[in-house]
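Here's the structure, in structure tokens; my notes come after.
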Amino acid sequence: QSYPDLGWHHWAVVYKNSTREQLIYRDGTEVHRGTATGHYTGSGPLVLGHQPFTGDYLDGQIDEVRVFGRARTAHEISSERNQRLSGREPALLGHWTFNEPNSPASPIKGYQVVARVGDQVLRSADRFPCNEWAHLAATFTQAWALRLDGGEGLSVASQDSLNVLEDLTIEVFVQVDKVGTPMALVTKGSAVNGGREGVPYQLGILADGRVEFAFAEADGKPVRYVSDRAVTPGAFQRISVVRQRRKAEASAATGTQAATAGQPEQDIRFYVDGALAGTYVYGGPGAQSNNSELEIGRGLRGILCEVRLWNSA
């Protein structure tokens, strides 16, 4: 039976070793009786306000705790529950009272809040001072992902809006099991090996773990760029590439052939977990569109959590 009220109550538990009986009293009245399957064999320190078996802590107040080395009768419990003990009662092993108004201050200067969901544990960066009211809140949003086994991956039907030829951002949140073989993350068309049909973009991971961004020009000529750093197998990472057109004035200032021909240059930037991982400048005629499907995760062995494709830098 549960007792939802928040008033003061006297609780007592009794264990009779000879019969293994267990009794619980609330305000001097027996509320439970049972028989243990075995004799009590516990040892160790006595703990107040904490249940080691469940990890629960008391959220409330304790006024007095008494421990006797014998089974007290119902009459003894009821008649003395509202009396202060002298400390000299027979078989009294422990007697703790908390009637000192000037108790010492807690040595704890502050505490950190811990939140846990399953096997994921987070601890607050800030420390909160004791003896002060504070409003704390923790939120959790469940995310889902796909585990890919190195096969064909996913595909999106061809549509004109996916032929992003100029400013572009691709973001992939992924965990790679291991490197050693090339794998595609996001590609519009087949692998860039030259040919008649252009490829507007291809983002993948090379055998050495570095990130590659490639595309094909109108004549099928492949253009490839590689990141400065490799991904970390077994770790979730956000891999990003940005292709951004430079302003005409900036391109002309570099004095490149492409700028004089009226074709703005494009900056190519790699990011791994938000950190810059390589920069390049492209000065050719630009990527070419195609009618192929958008492929995601072809050849990937790992977990794919999120993919974002933007037509802006």
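The values are calculated or read from the model by the stated rules, or taken from the named source; none is laboratory data. Worth saying up front: this structure is predicted, and the values here are computed from it rather than measured. Cβ atoms come from the backbone with ideal geometry, glycine included; neighbour counts cover every protein chain shown.
Points worth noting:
- Test result for Val223, under 23 Å from Leu294 (Cα atoms), modelled with pLDDT of 90 or more and not aromatic (Phe, Trp, Tyr): yes
- Qualifying residue in the range 62-78 (condition: farther than 19 Å from Leu93 by Cβ, polar (S, T, N, Q), surrounded by 10 or more Cβ atoms within 10 Å (Cβ to Cβ) and more than 42 Å from the chain's Cα centre (by Cα)): yes
- Enumerated strands (runs of 3 or more DSSP E) restricted to the range 108-158, each holding at least 1 residues that are without any contact (Cβ under 8 Å) to a residue 12 or more places away in the chain and not assigned by TED's automatic domain parsing to the domain that holds Glu306: 114-117, 120-123
- Residues being hydrophobic (A, V, I, L, M, F, W, C) and within 16 Å of Ala277 (Cα to Cα) - total across the range 211-249: 9
For every residue, the table says whether it meets (1) modelled with pLDDT under 85; (2) buried (at least 20 other Cβ atoms within 10 Å of the Cβ); (3) in the same structural domain as Lys178 (by TED's automatic domain parsing).
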position: Gln202; (1), (2), (3): no, yes, yes
position: Ala230; (1), (2), (3): no, no, yes
position: Pro233; (1), (2), (3): no, no, yes
position: Val241; (1), (2), (3): no, yes, yes
position: Gln244; (1), (2), (3): no, no, yes
position: Gly255; (1), (2), (3): yes, no, yes
position: Arg269; (1), (2), (3): no, no, yes
position: Glu293; (1), (2), (3): no, no, yes
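- Wholly within the range 1-72, strands (runs of 3 or more DSSP E) carrying at least 1 residues that are in the same structural domain as Arg84 (by TED's automatic domain parsing) and in contact with a Ser or Thr (Cβ under 8 Å, 6 or more places away or on another chain): 21-26, 29-35, 64-68
- Tally, over the range 18-59, of residues that are of a type in the set (S, T, N, Q) and either touching an Asp or Glu at 6+ places or on another chain (Cβ under 8 Å) or touching a residue at least 24 places away in the same chain (Cβ under 8 Å) (or both): 2
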